[in-house]
Protein chains: 4
Amino acid sequence: MQFLSDNAASVHPAVWEAMRAADNPDAPYDGDAISASLDEKMSTLFGRECAVLWVATGTAANCLALATMVQPHGGVVCHEEAHIEVDEGGAPGFYLHGAKLLLAQGEGAKLTPEGIRAVIDPIRDDVHQVQPHAISITQASEYGRSYRPAEVQAIAALAKERGLGFHMDGARFGNAVAFLDCSAGEAAGPVDALSFGFVKNGGMTAEAIVFFDDEAADIARYRRKRAGHLQSKGRYLAAQIHAMLDGDVWLANARHANAAAAEIAGACGERLMHPVEANELFVRCTEAEREALRGQGFGFYDWGADAARFVTAWNTREEDARALAGAIASL
Amino acid sequence: MQFLSDNAASVHPAVWEAMRAADNPDAPYDGDAISASLDEKMSTLFGRECAVLWVATGTAANCLALATMVQPHGGVVCHEEAHIEVDEGGAPGFYLHGAKLLLAQGEGAKLTPEGIRAVIDPIRDDVHQVQPHAISITQASEYGRSYRPAEVQAIAALAKERGLGFHMDGARFGNAVAFLDCSAGEAAGPVDALSFGFVKNGGMTAEAIVFFDDEAADIARYRRKRAGHLQSKGRYLAAQIHAMLDGDVWLANARHANAAAAEIAGACGERLMHPVEANELFVRCTEAEREALRGQGFGFYDWGADAARFVTAWNTREEDARALAGAIASL
Amino acid sequence: MQFLSDNAASVHPAVWEAMRAADNPDAPYDGDAISASLDEKMSTLFGRECAVLWVATGTAANCLALATMVQPHGGVVCHEEAHIEVDEGGAPGFYLHGAKLLLAQGEGAKLTPEGIRAVIDPIRDDVHQVQPHAISITQASEYGRSYRPAEVQAIAALAKERGLGFHMDGARFGNAVAFLDCSAGEAAGPVDALSFGFVKNGGMTAEAIVFFDDEAADIARYRRKRAGHLQSKGRYLAAQIHAMLDGDVWLANARHANAAAAEIAGACGERLMHPVEANELFVRCTEAEREALRGQGFGFYDWGADAARFVTAWNTREEDARALAGAIASL
Amino acid sequence: MQFLSDNAASVHPAVWEAMRAADNPDAPYDGDAISASLDEKMSTLFGRECAVLWVATGTAANCLALATMVQPHGGVVCHEEAHIEVDEGGAPGFYLHGAKLLLAQGEGAKLTPEGIRAVIDPIRDDVHQVQPHAISITQASEYGRSYRPAEVQAIAALAKERGLGFHMDGARFGNAVAFLDCSAGEAAGPVDALSFGFVKNGGMTAEAIVFFDDEAADIARYRRKRAGHLQSKGRYLAAQIHAMLDGDVWLANARHANAAAAEIAGACGERLMHPVEANELFVRCTEAEREALRGQGFGFYDWGADAARFVTAWNTREEDARALAGAIASL
């Protein structure tokens, strides 16, 4: 009964099937027909023209997207607990050639226009200080909070006002859309680029960078190759993304994971550190309580000394979720 | 009847099978049991201790390996037609933070101690010129030539004498071993790191960097994450490499491809620009001749104005190879 | 009556004289006799062997020093208000190829072992988080506080225990030594490299990087050239440093500036935000009070909304310091 | 009787005088009045609007200029013997974040449209190969050859046609203008940025980057600070440039050096490897002949095994030039 993470779950049958169907030779890299048809499908999903690049990881997706918005002498405003700041091994420093992350605060690892302004307004407009070039937010956030469409719009307005690029890390974008019960386009708002995650949601090795700006996509194609992320058998990655988009598997998977999380959340009451708006739960519990849960066969990570993190996945069994809910309720 | 490249061929059944078998959840990244057991298997193959890191592409493998040997202010001696120089979109400049490729000459895209010395001896030992930090060779070379073990040893001796790192790009390492009819260890010689290619040889999305130096492997692990190449479901990559190593599938596949190339080479006579020592053929033929071949259903790339390149693969059908041989003989 | 900064003051007569004396042609770059004799003089001053590289700015000095200690995938622990973090335009990101500054807290912009541990202890020893490679402190600190020799030793012990490089930004090192009334060697402690500032202390265009590690100095010489900081007429820079060292001009100048600061400090009482341990004063005063002071001819920077910063220099006139002291006392 | 290089010569009296006159405190960095008035003076000289940034070295000037034209994934077309390729310790790799130098050939270290096209035309327009972003030429070239205005225009036309930036390394720009007997504007043609060298021509520590594009200058100001090249007492650098421009000292100095070179050239006859179009001479002579010259007190560098390089300077004495001419004639 694993609730450690969604990032190592099994691969969805539809993904396997699509990969097998891609086994006929085709042009290498992204010259194959499967890769070529991604743009149209994604444009339909988002309701506006976009260009799709597949890559192997969310880290690569985030950094390649940001590299189209940020010059090496600039900075990216992000939350102080953003994945790009705390969990990517310095990848933004590498991909952005030394550009700086400018850390903002905000509840639930979410940025707000106020929080962003608190970081960028004090920056003197002179060469001694690193100037912001872009804003990056995570949808759903690192604490499983989802930005409402109006919240995304407000940040986008600020970005536009200040001439900043706007990136969304959507490692769990599907979970946010499922929670918000809106369209993909509404959940993404007017971002310039979205890292649309599939690996945590039933995929195997393919994430999508969705560029709503052709020029940025062109730059990113060079940068992807230069980063060693242009795989020669790219059709197997493209096939994964198609499989997730076809019949909205991505959304069904996310809804499933969210439902499991909601089930558990219902048993947590005051223990919840953050409202559950995706598929992650941060639950206050003592070391003894965590031991008790582990003793009953539940796997999860400690979250500091006084809490635990539970993550549900596309394939979390309902009975496991119910069991965990029951166990927490009985603590 | 495709002879365009081996880099987009289908995936070997054993690889598919191993990937399916890896579908049970395990620890993320490279913490799973499948990844963990690569070192031992590879050490056995090479007859000396090594540490294995999987990555998605040969470009990433080459650059991460070199990043452990070359400081940003240094240089890498490589052939002027080396893949890292002409076909990786500037990835070495990115991964090595601006270090320089120092271009040497040599027949068949192979380096020799003399060719290397011709590049490094004139470099003044002062800060105005970029100093060499490493040597990189390609086994088999970009023209399908294989370094004899003694040739590798001679370059290794020079590297040691000058205090340089020694890297081998083995995108088609299997084909070289198959041609040389020696052990993997003999074909690699005392290199510090080997990019051991599997994708061109029946794999899907996994290449191995084989480090014969623990400290270098430790650095590379940080650099891999930083480059966005640490995939969360790494077990699917590790499984591919295991499938290739188990029962020496890699060698059988390479032998098959080489045999097909040899079959075709037998019909080429004076047309051959380079001896065929792996699975690539560079064949002199006029535009009219190339048209004639294409008219018969053969796919391949032009190689300049007066030649064609044919590449065989692990799954090239014998009848196709024979047909191509016959067609060339009849030109 | 300027107290804006010491960084734009006039050049000391001894420096002018030494520069004029260097006007005879000599070998270019750092091959001249004047540059060559810096090591010995500086080794005598510090009481241990060192190698000296001149550069044009403190930013270059800091970054070149750190580049010898920090790999691109690593980090530097520094104070959150350190000059390298807030005032160098992202130069550490550039020179360290994307390495990260790991921000610690501490009173008066000074680090302590506790503050450093609070930053580095929570860093998981895995590839997802940037690992510390070095510590950098500023002597005197950005708030004009000087590390006591025992404090430097304590940080050095921690650096050694954790295998970290140890760098000191000594933009106002002379002022610290003057305040501490100890030797240069005691004020620097066992750092691996010191940015020894002269420009703020009567020099024109020359700062010294003092390496107490030959191998690091060798690397830095390549990096200096690569950064465009190896000036062809380097003898004019070396001459400036000699002029400052000969007869301890650096110390006399710093003492003069400190005395002026002390004079002013004596009039500030409760207004002082930080004890004055060098040549900078941070003084609480209202906007009206600042206007009053400016009306009397004093130049200085606002420090936020409720304070002012005054900096004395090697050539601050005693009567100006007395006048400012009187004016502040009369507020 | 030194003809080693112009890069370590004494400083011109007018430069000393201007530096002394700058000794009064003013705003730090480039906020002083002396720095501020450079743009206008230089715009007058070139006959079109430009923005001037001072830096300490030609290497920094070249690299900061190119950094405004070249993305990290792009390349710079330059001559294979260009200073940026062979003598800057890899600085372009550092400043351009791994961008590549694309090496062209051409007589006398001069590029031609044909030579440039021979490099860029074969580059496939795909992500596997580094695409050109800029062209850089050296005026006068590394072999002391000067581009005629029509030659510069022809390269500029090609740059424009291909959408490439156009940079001129003018380490010895003055010598080229003096030889060409044209205006500075004609010698620079429509380049986007010029590294205007003064140090080799009587200056001390100041070179100018002249940007004919405001946006590029704005970027370069950030990059200059980030590279540690924004000196706090910048007025002493600005003063040097003013001194060289006032009364056309730069041109008089260059004419003097050129005249000395011409005097010597007149005695060289068939020995000259390159026409003398600036202040450098490359002269065929045996080792015995070089020894003989050195025996007579002449200082110079060997140029390979069979030649010598002589460089005249702004302060080469006429009698020394005559003496060298006589000595060469008598060999």
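Summary of values
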| quantity | calculated |
| --- | --- |
| If the convex hull is drawn through the Cα atoms of the range C:85-184, its volume per residue in Å³ | 106 |
| Quotient of C-alpha Rg and 2.2 N^0.38 Å, computed over the range A:160-298 | 1.29 |
| Computed E for A:CYS182/D:TYR301 - FRET, C-beta separation, R0 56 angstrom, nearest 0.05 | 0.20 |
| Cα-projected label distance for D:ALA157 with C:ALA150, points at 7 Å along beta-carbon direction, nm | 7.8 |
| Nm distances between copies for D:GLY269, ranked from closest, using label points 7 Å along Cα→Cβ | 5.9, 9.2, 10.9 |
| Sequence-separation-based contact order of the range B:13-247, relative, with Cα cut under 8 Å and 6+ spacing, percent | 30 |
| Cα radius of gyration and Dmax for the range C:290-331 (Å) | 10.4, 29 |
| Distribution of pairwise C-alpha distances over the protein assembly as shown, 10 Å bins, in % | 2, 9, 16, 20, 20, 16, 11, 5, 2, 0, 0 |
| Share antiparallel - DSSP beta bridges, chain D, percent rounded to 5 | 45 |
| Ascending list, in nanometres, of distances separating the B:ARG148 label from those of the other copies (7 Å, Cα toward Cβ) | 5.6, 7.3, 7.7 |
| Separation of alpha-carbon centers, the range A:123-202 and the range B:249-322, rounded to whole Å | 50 |
| Electrostatic dipole magnitude of chain B [Cβ: Lys, Arg +1; Asp, Glu -1; Cα centre; debye, to 20] | 360 |
| Alpha carbon centroid spacing (whole Å) that separates the range B:22-72 from the range C:63-83 | 29 |
| Debye-sum result for the range C:1-124 in log10 I(q)/I(0), which assumes one identical scatterer on each alpha carbon, at q = 0.12, 0.19 Å⁻¹ | -0.69, -1.19 |
| Å³ per residue enclosed by the Cα convex hull of the range B:13-247 | 111 |
| Candidates A:THR138, A:THR316, A:THR44: whichever shows maximal mean-square fluctuation once chain A is modelled as a Gaussian network with Cα springs under 10 Å | A:THR44 |
| Cβ charges +1 (Lys, Arg) and -1 (Asp, Glu), total dipole of the range C:116-187, debye | 40 |
| Which of D:VAL77, D:ALA140, D:GLY90, positive extreme of dipole for the range D:13-248 (C-beta unit charges) | D:GLY90 |
| Selected from B:PHE179, B:PHE196, B:PHE298 as most flexible by GNM, with chain B as the system and alpha-carbon contacts under 10 Å | B:PHE298 |
| Length-normalised contact order of the range B:249-329 in % [C-alpha pairs under 8 Å, at least 6 apart] | 40 |
| Listed residues B:ALA99, B:LEU251, B:SER43: farthest to the positive end of the dipole of chain B (Cβ charges) | B:ALA99 |
| Around D:ALA21: net Lys/Arg minus Asp/Glu count, Cβ-Cβ under 12 Å | -2 |
| Simple Cβ-charge dipole of the range D:250-329, Lys/Arg +1 and Asp/Glu -1, about Cα centre, in debye nearest 20 | 140 |
| Position A:ALA292, label points 7 Å along Cα→Cβ, spacing to each other copy in nm (shortest first, one decimal) | 6.6, 8.6, 10.3 |
| Residue among C:VAL52, C:VAL119, C:VAL86 with the largest mean-square fluctuation in a Gaussian network model of chain C, springs linking Cα atoms under 10 Å | C:VAL86 |
| Cα-derived Rg over Rh, computed across the range C:249-329 with Rh taken as Kirkwood radius | 0.95 |
| Per-residue ³J(HN,Hα) for the range B:106-116, Karplus 6.51 cos²θ - 1.76 cosθ + 1.60, θ = phi - 60°, Hz, x for Gly and Pro | x, 5, x, 6, 9, 8, 9, x, 5, x, 5 |
| Radius of gyration, Dmax [the range D:243-291; alpha carbons; angstrom] | 14.0, 45 |
| Under 13 Å, Cβ to Cβ, from A:GLN131 - net charge with Lys/Arg +1 and Asp/Glu -1 | +3 |
| With eigenvalues of the C-alpha gyration tensor scaled by 5 and rooted, the range C:36-81, Å | 25, 12, 11 |
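Read the figures in this text as sums done on the coordinates, not as results from a lab. The shown structure was predicted, so the numbers you read here are calculated from the model rather than taken from an experiment. Every residue, glycine among them, receives a Cβ derived from its backbone with ideal geometry; neighbour counts consider all protein chains shown.
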